[in-house]
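S.K.: Sharing a structure here in structure tokens format.
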Amino acid sequence: MKVYSLETNSIVERKWFLDLLTCMFGVGSWILVNSLYTQLPLLVQSAPEGWNLPSYISIAIQIGNLGPLLYSLWRKKYGNRFDRPLTIFILMLGIISVFLMAMFYNISGEIFGQPHSIVLCILTFTMALVGCTSSVLFIPSLSNYSDIYLVTYMVGEGISGFVPSLIAIVQGIGTTTCNTVIRNGQTIIDKSITNAYFSSGLFFTIIGMIMCGSTVSYLCLEYSPTCKKEKIQTKSESVEVHNSNITKVNNHLNKLLLAILGVIVFFANGLLPSIQSYSCLPYGYMAYHLATNLSNIANPIACFIAYYTNRTSKHVIFILCSVCLISIIYMLMTAFTSPTSPLYNTNTGAILIVS
């Protein structure tokens with residue numbers, strides 16, 4: 001299929017195998033972090049932190065932002081000469097981390113006399129290091145190919161949230177029921193647990209195999225003779241820019257949109273994941289399971305819709321932000337009033353918190 005390239009200002013032939021490799025390479029960017037979020041409804045049932053576990057996980061993931069900071073300092077000193085071995089190192093770190101997670105995620109230890117999921121938190125940090133660093137390291141790796149494959153990489157990034165959520169939905173969630181039983185004249189609460197279709201260990205093993213596929217895809221992009229033939233030689237050209245041709249932008253609108261974007265990112269990637277367990281607690285494990293996984297599925301779907309509709313009207317943006325604000329306020333309210341949130345222990349409340 002032939003498409004237009006902005007980079008070369010010409011019609012280029014799209015290669016299906018490059019699309020497949022770049023998409024698979026993009027999947028490896030955030031699949032580890034997304035897989036952690038999809039497993040939280042199961043992990044909170046066995047982790048010593050219980051429903052507090054998402055708060056610890058969110059902190060460990062945010063510390064992973066040290067990766068881009070360290071890479072910026074590295075790039076300032078060494079440039080991009082070592083980007084290829086660094087990318088391989090980051091991918092291998094992700095593979096090792098996720099397979100270790102599959103084997104040791106349920107091992108806990110004591111800190112200040114309290115049991116904690118030490119291994120889980122440490123491996124969460126290393127997996128987050130991969131995801132956060134990929135944002136500044138992976139995309140430059142595609143600079144030797146036509147810009148048309150950048151969109152394919154972005155599609156892979158979206159799939160990195162879609163695939164773990166689908167696997168988690170198939171996996172299901174264990175349920176815990178408590179029954180009051182009288183034994184020897186004493187009232188005892190009998191706890192009955194129904195397991196998911198397969199364990200978190202097997203889930204992380206599947207994610208690890210996908211991560212291996214992403215690594216192989218990158219190695220093919222860099223070293224395969226077939227792929228090397230498709231690389232382009234970039235030439236630095238001096239481009240004269242005339243001030244008369246520059247369109248003046250509304251600085252106030254840009255600042256407002258950047259502020260809105262910052263607030264949305266703060267809530268979506270920072271605050272809300274850490275309190276989601278509290279907001280879903282009154283409605284049960286199933287509501288938490290569906291809210292976590294359906295939100296990951298909705299994200300790439302929304303990106304595809306935005307890509308194809310190309311709506312840039314500020315009125316549409318403000319309407320969507322208003323709907324988003326209402327949802328955030330409701331989630332905060334249910335979290336702060338947990339475990340007696342509005343409509344708790346009702347199907348209506350569960351539907352509202354999932355939607």
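Just so it is clear, none of the values below were taken in a lab; they were calculated from the coordinates. Predicted model only: the values in this text are computed from it and were never measured. Note that each Cβ is placed from the backbone with ideal geometry, even for glycine, and that neighbours are counted across all protein chains shown.
S.K.: What span do the alpha-carbon atoms of the range 256-355 cover on each of the three principal axes, reported in whole Å from largest to smallest?
M.R.: 41, 24, 21
S.K.: Could you order peptides 100-113, 197-210, 149-162 by the average number of other Cβ atoms within 10 Å of their residues, highest first? Spell out each step's value before the answer.
M.R.: Working: 100-113: 13.9, 197-210: 18.4, 149-162: 20.9.
Final packing ranking: 149-162, 197-210, 100-113.
S.K.: Here's something else I'd like to know. Could you rank the peptides 335-346, 35-46 by their average count of other C-beta atoms within 10 Å per residue, with the highest value first? Each step should come with its number before you reach the end.
M.R.: Details: 335-346: 14.6, 35-46: 23.1.
Those peptides, ordered most packed to least, come out 35-46, 335-346.
S.K.: Calculate, for T337 and K228, the FRET efficiency according to 1/(1 + (r/R0)^6) with r their C-beta to C-beta distance and R0 45 Å; round to the nearest 0.05.
M.R.: Computed FRET efficiency for T337 and K228: 0.15.
S.K.: What ranking do 269-275, 81-87 get when scored by the average of other Cβ atoms within 10 Å per residue, highest first? Mind showing how you got there, number by number?
M.R.: On the way: 269-275: 17.1, 81-87: 14.3.
Top of the packing list down: 269-275, 81-87.
S.K.: Counting only the backbone N, which residues of the range 261-276 are under 17 Å from the spot 7 Å out from the Cα of F318 toward its beta-carbon?
M.R.: What the label zone holds, given the 17 Å backbone N cut-off, is 261.
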